[in-house]
Structures are given as structure tokens and as C-alpha cells.
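Notes follow once the structure below has been shown.
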Amino acid sequence: MNVAFGHTNTDLDCLGSLILIKKLFPDFRLVKSRLIHPAAQSLYYLYEGYFDFLNPKDLMDEQIDNIIIVDTCTADRVNEYFGNIRNSSPSIRIFDHHHAANCDILGASLEKGNFGANTSFLGKLAMKQGITLLPEEATIALTGIYADTGRLIYENVSREDFEVAAWLFDMGASLKLVKSFLETIKEDDQILLLNQLLLSVEQFNIQGHVILISNFELDENIPGLAAIVEKIMDIENPDAYFAIFSIKKSKTILLITRSQKEKIDLHELLQPYGGGGHHLAASAKISNREGPEFKEEFLAYLEKSLAPATRAKDIMKSPVHAITENMSLLEASLFLEKVELTSMPVVNDSGTPTGFISLRDIMKGRKANSMKSPVRAYMSKPVIFSNSSITMREIERIFFKHHIGHLPIVEEGELVGIVTRWDYLEYRKRTADDRRTPE
């Protein structure tokens, strides 16, 4: 017998991957995890017949010749299946999009893909083979892609994710159903917990990152906690959120984490606590710990472990051209033309920015026949400036709040650099491109 399965606590991307495995490898039977992630349960119950799952115990008396594993290459996440396989040496093939994960499944052949969702990885293979899907199968797969890519806006998204999503749409995927499966906060108790957590979250600035942490006590573990954490990420928009749930009944801590920055690699951060998952979504279960004590320990761990956020000094242009405020408009115009710029900071005799002069400002002086007037008479002021330690998040906020395109960087009263909107956009683009570079 040939079988295929994904990780335990099967999520939407895993289900999307499995429905495509069934089309790509029709002689393989799918095996169901004993745990379905709460966010995936509605889709699973409605489309259970399309998967035709075996249970792990069904494998006990079978000779298993070939295994396909999707969406994980970590042994701990597939133990429930291998515990029921008596065959000592099946051939194992893995399709996984988690670049940070080290494969510890012995003897497995690992195929990695540069995709935001594992479903996209397999969807690309299905596209190449000219496979046709039923609308229901396309809906399952598209839900998996949207779930793992934040509806195609997370930073892990690749061009191929869009291509596969478009293909699935052409196959008849229902966006209405996809949207309904992604609305995971529906129950009254979930809404109540969401409101309670929003009141309990604390904000910290750690290594220049905006971090939310909450410590919340529950009598017992309840379904849908991850969906609530993701909703808080949407509402508060931090760089990362670490939700600590103290479960009284089992005397354990459930740590659920989400990030939207590649510099905050959750998979790596949670490994010392026995956790794991994606770069941007991971969790861990810690036994015999108290919430408040663990929170303080974890804060100290983050201070030590997080890489510093990118700051102005990392991307600013330096040295920077400047015009003195006593220079005439004509001299300023000729200088701008010489250095091929359309605007420039204006500084006083001490080198401190006092304004900004642009070709538009100079044009006003030319129309008034005042080209001999000093720059200070026509420059834009006051000038908004900052220091070299300001983070990219703060730079973005300044650009939007003040509607400016240039941010002079000043240290000890002297102009040392400048960050433009173009520098900011190039940084954002560059970090995205670096992330998509194959390992």
C-alpha cells in the first residue's frame, strides 16, 4: 500500500496539500491525523468525502511500500502515523515549503519549494501536469493557500502563490466559501476571549521591534486560540505577538506566536522550548511552569535573542549633499543641476538642518524675479529630521504622518545622512527579494 499524510493537528494548508496529492498520485491513500486544527475543522467536516481518509490505525496490518509526507519534515509531527506502520523500510518522499526546518525523518527524500504555502508547491506541479480539479477540490486548495499566506499579503508570498491561486480560480474555486472558511472567530466564547486578551496585551520595544506579550490563565485548553492570536495581530499590527496561555487543568503553558518580520524567526526562537512551526507562525507547549514567572523569563530571552531591527543608519545615504541657508536661489539651482537632484536639505552655519529647498521652491523665486534672494526666504520649513537609530517602522510612520519624502538624519546637531521614500521602498523590496532567494 502507498499512503500520504501531513503533520499532526492538520491545518488548512495541509488539507490543501493533501487534496492535490490525491490528484498527483492517485495510487496513494490519504491518512487522517487524529487532530484537526480548529481553523480547519469546518472545511474538513464539509469536504471529508473528497479526501476519503484512512485512520492511522488502519495502517497496522498493511504492508506500506511508499509514503508521501506534506507540509512538514519534522519527525515529531508525524509520529502518530509511523507508530502504526510495521514495515521497517518504506520509501519516503517529502514535499515541504518550510526552509528553516531541518529534516530529521530518517531515509526521506526531501523536495523543498520556494512558496508561501505548501499547497502552492503541489499546485505548481499539478499545473505542469495539466491536471483538472473539481470546483470543490479547487476551493479546498485555494483555502489552504489563502490561510498560509494571509490571503496573499504575508511577506512569505511568492509569485508562484499568485499563479497557483489564479489557476485554482479558473478551476472553479469559490471565493465566497474560501472567505467563510477563513472566518475562524465565530463563537461567543471566542469573541469574549478576544476582548479579554486585547485588554491584557502589553507592548514592548525589544531591539527596535514592536512586540506584544500577553499572559492569560485558562481553566483548560479551548479550541481556536491561534485564530484569536491572529485576529489580535490584525488589530494591533505589532512586529510580533507572543501569547502565553497558562492552562490550570494540565499545569502547562501554551505559547502561540505570530510575526510579520523575517528578522523575528519564530521557528528558531521557539526551538529551545521544544516548539516549532513556520518563520512567521509557531507554538510551543511547556510543562510545569507558572505564567508570570515564564513571562519574565521569556522577555529576558527575547532581549538576548532577537536580532536588532533595521535602522536609518543601515540604509541612509551618507555623506549627503546640503545647501546653506545663505546661498542664493541661483546658486542653489545651479548646484541642484550639477548633482542631478530635485531637492536638498538646507543647513545653517553649524550644519543643522533648518529647511528643505526644491526646484518647485526655486521656481517661485524665479517667477518673482528673486533669484538673488537667500535660500532661507523660499525654503520649506520647519524641517522634520531624526537620528540614525530610528527604525524602519518609525521612518514609515514619519513619512505618512508628515507627508514628506525625505528624512534628514542628524547626530549631535550635524547632518550625517538622509533617508528618502525611495530608499525605504527599495529596502522593503530588497528584503522581500532576499527572502525569496533559494537556499
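Scan region 323-354 residue by residue and report those that are assigned to a loop (DSSP other than H, G, I, E, B), over 20 Å from TYR424 (Cβ atoms) and in contact (Cβ under 8 Å) with a residue 12 or more places away in the chain.
GLU325, ASN326, MET327, ASN348, ASP349, SER350, GLY351, THR352
Counting only residues that are within 22 Å of ILE131 (Cβ to Cβ) and either open to solvent by 80 Å² or more (accessible area, probe 1.4 Å) or not hydroxyl-bearing (Ser, Thr, Tyr) (or both), how many does region 169-201 have?
Total satisfying the criteria: 8.
In this structure, does LEU329 turn out to be farther than 30 Å from LYS372 by Cα and open to solvent by less than 50 Å² (accessible area, probe 1.4 Å)?
no
Across region 334-357, which residue is modelled with the lowest pLDDT among those that are surrounded by 15 or more Cβ atoms within 10 Å (Cβ to Cβ) and β-branched (Val, Ile, Thr)?
The first filter runs over region 334-357 and keeps only residues surrounded by 15 or more Cβ atoms within 10 Å (Cβ to Cβ), leaving 335-336, 343-347, 352-357.
Adding the requirement that they be β-branched (Val, Ile, Thr) leaves 346-347, 352, 354, 357.
Numbers: VAL346: 95, VAL347: 93, THR352: 90, THR354: 93, ILE357: 93.
Among them, the one singled out is THR352.
Checking the structure you have, find out if any residue of region 40-57 is small (Gly, Ala, Ser), under 20 Å from GLY224 (Cα atoms), at pLDDT below 95 and within 29 Å of the chain's Cα centre (by Cα).
yes
Which one is surrounded by the most Cβ atoms within 10 Å (Cβ to Cβ), of the residues in region 22-75 that are touching a residue at least 60 places away in the same chain (Cβ under 8 Å) and in a loop (DSSP other than H, G, I, E, B)?
Top of the filtered list is ASP71.
How many residues are buried (at least 16 other Cβ atoms within 10 Å of the Cβ) and either in a loop (DSSP other than H, G, I, E, B) or acidic (Asp, Glu) (or both) if we restrict to region 223-249?
Of the residues in region 223-249, 4 are buried (at least 16 other Cβ atoms within 10 Å of the Cβ) and either in a loop (DSSP other than H, G, I, E, B) or acidic (Asp, Glu) (or both).
State whether one or more residues within region 158-177 are within 15 Å of LYS231 (Cα to Cα) and basic (Lys, Arg).
Taking every residue of region 158-177 in turn, none turns out to be within 15 Å of LYS231 (Cα to Cα) and basic (Lys, Arg).
Considering only residues of region 250-281 that are of a type in the set (Gly, Ala, Ser) and at pLDDT below 90, which is surrounded by the fewest Cβ atoms within 10 Å (Cβ to Cβ)?
GLY274
Taking the options ILE418, ILE404, ILE384, ILE357, name whichever one is in contact with a Pro (Cβ under 9 Å, 6 or more places away or on another chain) and in a loop (DSSP other than H, G, I, E, B).
From the options ILE418, ILE404, ILE384, ILE357, the qualifying one is ILE384.
In the set LEU18, LEU35, LEU24, which member is modelled with pLDDT of 95 or more, of a type in the set (A, V, I, L, M) and under 29 Å from ASN221 (Cα atoms)? Talk me through it step by step, then tell me what you get.
Working: LEU35 fails: modelled with pLDDT of 95 or more; LEU24 fails: under 29 Å from ASN221 (Cα atoms).
Testing whether each residue is modelled with pLDDT of 95 or more, of a type in the set (A, V, I, L, M) and under 29 Å from ASN221 (Cα atoms) leaves just LEU18.
So which residues in region 400-426 are closer than 19 Å to GLY351 by Cα and open to solvent by less than 20 Å² (accessible area, probe 1.4 Å), if there are any at all?
Those that are closer than 19 Å to GLY351 by Cα and open to solvent by less than 20 Å² (accessible area, probe 1.4 Å): LEU407, PRO408, ILE409, VAL410, GLY417, ILE418, VAL419.
For region 100-123, how many residues are open to solvent by less than 10 Å² (accessible area, probe 1.4 Å) and either modelled with pLDDT of 90 or more or closer than 19 Å to VAL178 by Cα (or both)?
Number satisfying all stated conditions: 7.
State all residues of region 124-165 that are open to solvent by 60 Å² or more (accessible area, probe 1.4 Å), of a type in the set (A, V, I, L, M) and under 21 Å from GLU183 (Cα atoms); if no residue qualifies, say none.
ILE153
Among the residues of region 265-288, write down those that are in contact (Cβ under 8 Å) with a residue 40 or more places away in the chain and either over 21 Å from the mean Cα position of the chain (by Cα) or in a loop (DSSP other than H, G, I, E, B) (or both).
Matches in region 265-288: ASP265, HIS278, HIS279, LEU280.
Within region 79-99, take every residue that is within 29 Å of LEU269 (Cβ to Cβ) and in contact with a Pro (Cβ under 7 Å, 6 or more places away or on another chain) and give me the one that is surrounded by the fewest Cβ atoms within 10 Å (Cβ to Cβ).
Taking the candidates together, the pick is GLU80.
Can you find, within region 282-293, the residue that is modelled with the lowest pLDDT among those that are open to solvent by less than 40 Å² (accessible area, probe 1.4 Å) and closer than 18 Å to GLU230 by Cβ?
Here the residue is ALA282.
When only residues in region 363-377 that are open to solvent by 60 Å² or more (accessible area, probe 1.4 Å) and in contact (Cβ under 8 Å) with a residue 12 or more places away in the chain count, which is nearest to ILE315 (Cα to Cα)?
It comes out as ARG376.
Evaluate the following for SER246: is it of a type in the set (Gly, Ala, Ser) and free of Cβ contacts under 8 Å to residues at least 24 places away in the same chain?
no
How do the helices (runs of 4 or more DSSP H) wholly within region 130-222 filter down when requiring 3 or more residues that are farther than 30 Å from LYS251 by Cα: which remain?
135-149, 159-170, 175-182
Does LEU18 satisfy being more than 19 Å from GLY123 (Cα to Cα), crowded, with 20+ Cβ neighbours inside 10 Å, of a type outside the set (D, E, K, R) and free of Cβ contacts under 8 Å to residues at least 60 places away in the same chain? Give the steps one after another, and end with the answer.
On the way: more than 19 Å from GLY123 (Cα to Cα): no; crowded, with 20+ Cβ neighbours inside 10 Å: yes; of a type outside the set (D, E, K, R): yes; free of Cβ contacts under 8 Å to residues at least 60 places away in the same chain: yes.
No; evaluated as a whole, the condition is false for this residue.
Run down ARG397, ARG430, ARG360 and say which single residue is charged (D, E, K, R), at pLDDT below 90 and either under 23 Å from ASP314 (Cβ atoms) or exposed (fewer than 14 other Cβ atoms within 10 Å of the Cβ) (or both).
Working: ARG397 fails: at pLDDT below 90; ARG360 fails: at pLDDT below 90.
The conditions single out ARG430.
The values are calculated or read from the model by the stated rules, or taken from the named source; none is laboratory data. All values derive from a computational prediction rather than experimental measurement. Cβ atoms come from the backbone with ideal geometry, glycine included; neighbour counts cover every protein chain shown. In case anyone asks, the SASA skips ligands and DNA or RNA and just uses the protein heavy atoms, side chains included. Shrake-Rupley method; radii C 1.70, N 1.55, O 1.52, S 1.80 Å.
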